[in-house]
1. Accessible area per residue, 1.4 Å probe, Å², for region 1-159: what's the number?
2. No solvent, one uniform scatterer per C-alpha: report log10 I(q)/I(0) for the chain via the Debye equation at q = 0.06, 0.07, 0.10 1/Å, two decimals.
3. By its C-alpha gyration tensor, with a ≥ b ≥ c as the square roots of the eigenvalues, how is region 11-224 shaped: rounded for a/c under 1.5, else prolate for a/b larger than b/c, else oblate?
4. Kindly identify region 125-186 as rounded, prolate or oblate by the Cα gyration tensor criterion: order the square roots of the eigenvalues as a ≥ b ≥ c, call it rounded if a/c is under 1.5, otherwise compare a/b with b/c, prolate if a/b is larger, else oblate.
5. For a quick check: with amide H placed at 1.01 Å from N, whose amide H comes under 5 Å from GLY55's, ignoring anything fewer than 5 positions away on the same chain?
6. Calculate the length of the line joining the C-alpha centroid of region 133-195 to that of region 1-19, in whole Å.
7. Stokes-Einstein D for region 177-318 at 37 °C, 0.692 mPa s, Kirkwood Rh over Cα pairs, in µm²/s?
8. Taking square-rooted eigenvalues a ≥ b ≥ c of the alpha carbon gyration tensor, is region 238-361 rounded, prolate or oblate, where a/c under 1.5 means rounded and, failing that, a/b exceeding b/c means prolate?
Amino acid sequence: MPRPLVATIDIAALRHNLAVARKCAPASRILAVVKANAYGHGLTRALRGFADADGLGLIEPEGAIELRQFGWTKRIVLLEGFFDEADLQTVIDFELDTVVHSLAQLDLLEKLQPGRQDAQIDVHLKVNSGMNRLGFMPAECSAIWKRLRALPFVRDIGFVTHFANAEEGDHPVLPPSEQARRFMAATGDLSGMRSLSNSAADLLHPEFAVDWVRPGVMLYGATPAERTAASFDLRPAMTLQTEVIGIQQIAAGDAVGYGSRFVAERPMAIGVVACGYADGYPRHAPDGTPILVDGIRTRVVGRVSMDMITVDLTPIPYARIGSKVTLWGEGLPIDEVANAAGTVGYELMCAIMPRVRVVEIGD
Ligand SMILES: *Cc1c(COP(=O)(O)O)cnc(C)c1O
């Protein structure tokens, strides 16, 4: 018998969340972001859940090849572009769009002699509008655009930038409105499609939804915003569930797990749950992190170990070996677990390990 730990991926939820993204930006095309194995949900599942998207965006060239092999014929954008000459050949061979964010990439493009006479590449010029991660400074953009425009195999040139603080409209250091202003000023005279918005901007700032939006995490049912995902009508696409595999009755003063972090104040039942940090559950989850046993909310107590978590069974006196446990997803928002563990929903969903069985529903 396999371990009871299962990640259920709901294809219908992916589809629904894509529709929410579209409703937020009805005049824009949607580039559904599927990097990091579709935020842990699997590329083939994302492909079906996002069949209605106008394109898919990701970081990994090998993932882009898989998407083509799985039959995706619409646009695929490499969000960090190509990493070397071999990747650039992949861009050509698999008809990918590429971001160009650096002079090194531009140099490689200028040296390129496409083997195929008819090779055409759509590029997206990345503008550094203040996040200072990738991209050209606003003042450089028109010169870079001219160099790209001079290349015979470059077809369309679009413009992209990325928000540092889209979930905080009035961020004191770098509000999204300031990034949008710099981006528009840098690209104002140049023709080409524009794209600014990630999930937070798509949900909170419809004014930045121009030609394309690039939602990621919202499509999987989490949100970077302060509000809950449910309040945006987003549905969890991943539910991580397992079972109680052991129960210990402990006395006041008894401790639980490595480091004896949790010490009982009164006699209580401890449930031992089959899921640990080697499955992707955050090791830093403190005592009190929410978890459901038989649908009842309780708390993690004691340190998370590699294969097990220990939980307080006080609110579920009828719990037994085999009681169902929900780590996150349906009934327990991943954002809530992430907050308790000092991280973000993104990290939890991406961290799901290969040994976790995956089951699909909703297709
Ligand atoms: C990951 C990513 C996104 C999606 O961001 P979310 O916050 O998950 O919506 C959008 N654009 C780029 C360039 C990205 O790398």
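The values are calculated or read from the model by the stated rules, or taken from the named source; none is laboratory data. Remember, predicted model here, so these are calculated numbers, not experimental data. Using ideal geometry, Cβ is built from the backbone for each residue, glycine included, and neighbour counts are taken over all protein chains shown. Just the protein is used for accessible areas: all its heavy atoms, side chains included, with ligands, DNA and RNA removed. Shrake-Rupley method; radii C 1.70, N 1.55, O 1.52, S 1.80 Å.
1. Numbers: 6870 Å² over 159 residues.
Ligands and nucleic acids excluded, the result is 43 Å² per residue.
2. Each listed q corresponds, in turn, to -0.27, -0.36, -0.68.
3. Details: a/c = 1.94, a/b = 1.10, b/c = 1.76.
Oblate, since a/c reaches 1.5 and b/c is not below a/b.
4. On the way: a/c = 3.06, a/b = 2.64, b/c = 1.16.
Taking the square roots of the gyration eigenvalues as a ≥ b ≥ c, region 125-186 is prolate.
5. Residues meeting the criterion, in which the H sits 1.01 Å from N, are ILE30, ALA32.
6. That distance is 36 Å.
7. Numbers: Rh = 18.5 Å.
Reported coefficient: 178 µm²/s.
8. Working: a/c = 1.78, a/b = 1.46, b/c = 1.22.
Cα axes put region 238-361 in the prolate bin.
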